[in-house]
Amino acid sequence: MLFNEGMICMDLNALTKEDAIRQLAMIAADAGKLVSIDEYIESVLAREKTYSTGVGNGIAIPHGRSKAVKETFIVFGKSGRGVEWDALDGKPVHLIFLLGVPEAAENEHLKILSQLSRRLMNENFVEHLKRSESKNEIIQAFKDFGEN
Amino acid sequence: MKIVAVTSCPTGIAHTYMAAEALEKAAKKMGHAIKVETQGSIGIENKISLKEASEADVVIFAADVAVKDENRFSGKPVIKVEVQKAIKNAAEVIKEAEAMIEKSSS
């Protein structure tokens, strides 16, 4: 299982992109998914520099593929006030999916991440996530909109 | 109109697939047939064959890294956009494709 209640933060209080990435990466670190949190964050920020992962509609999907990742993971964070992300539509983001992928990731896991990415283009799924107020609702939305 | 498209991005984890989904949705909504090949971390999926490439009216590359096997599409009208643009405004990319076809057929 890549995603469970333990990998969700419903009240992210970060003000900056870097801050948000660090807070969410700490959740992954606590779950034992990382070899080195600093090295992982570096890979995510390097990726952000190519161009922002704020894809519009209040969504950001920061990600890093690095040997600092032990196991593929998804951490989800929700921010009420929004985080400035230099997004495609210039708007702050409220739904953040932090993805971690080891160098030698299994295809099965990469598939799950690709399906999640596709699902983020589904307005209904995104609306569901935006309306969700509890971790249970988030998990339910994931279940309703595909297998995870 | 028959469209074939290839999407790819630097890490091949997220944008490749978001762009594919966005293009598929927009094209279908606008009444076109589309096949989108993703060149991502999983490798090539939904591969466009030589036959499909030759039958296409127009080709879209929503790619930030070099498209593999690009010579499949030689001689075809090709629209190249950044992968971000396909995510942000896929309908506009499809419209560009329509305009290109109109131009070449008139």
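Here the extension length gained between A:Glu103 and A:Lys49 equals 17.5 nm, from 0.36 nm per residue of separation less the Cα-Cα distance. For A:Ser36, the amide hydrogen comes within under 5 Å of no other amide hydrogen, counting only partners 5 or more places away or on other chains and with H modelled in the peptide plane. Each residue of region B:40-57 was assigned a 3J(HN,Hα) from its phi angle through the Karplus expression (A = 6.51, B = -1.76, C = 1.60, θ = phi - 60°), giving x, 5, 7, x, 8, 10, 6, 4, 8, 6, 4, 5, 4, 4, 6, 7, 6, 7 Hz with x at Gly and Pro. Taking the Cα centre of the protein assembly as shown as origin and assigning +1 to Lys and Arg Cβ atoms and -1 to Asp and Glu Cβ atoms, the resulting dipole is close to 420 debye. Would you mind working out the magnitude of the charge dipole of chain B relative to its Cα centre, with +1 at each Lys and Arg C-beta and -1 at each Asp and Glu C-beta, to the nearest 20 Debye? Computed charge dipole of chain B: roughly 120 debye. Taking 18 Å as the cut-off, the amide N atoms of region A:68-107 that come nearer than this to a point 7 Å along the Cα-to-beta-carbon line of A:Ser134 belong to A:78.
Label-to-label distance, A:Val35 versus B:Met1, with points set 7 angstrom from Cα along the beta-carbon direction: 4.8 nm. Which log10 I(q)/I(0) values does region A:5-144 give at q = 0.13, 0.16, 0.19 Å⁻¹ under the Debye formula, counting every alpha carbon as one identical point scatterer? Scattering profile of region A:5-144, log10 relative to I(0): -0.50, -0.78, -1.15. Size descriptor for region A:56-106, Kirkwood hydrodynamic radius: 11.7 Å (Cα pairs only, one decimal). In this structure, the amide hydrogen of B:Ala63, modeled 1.01 Å from its nitrogen in the peptide plane, lies closer than 5 angstrom to those of B:Ser8, B:Val81, B:Val83, counting only residues at least 5 positions away or on a different chain. Hey, for a label at A:Asn13 modelled as a point 7 Å past Cα toward Cβ, could you say which residues of region A:58-89 have their backbone N under 13 Å away? Counting only backbone N, you get A:80-81. When B:His32, A:His109, A:His63, B:His15 are arranged by Cβ crowding within 10 Å, least crowded first, meaning fewest neighbours, the order is B:His32, A:His109, A:His63, B:His15.
Any read-out appearing in this document is the output of simple, stated calculations on the displayed coordinates, not a laboratory observation. Everything quoted here is computed from the prediction, not taken from an experiment. Counting neighbours? That spans all protein chains shown, and the Cβs are built from the backbone with ideal geometry, glycine included.
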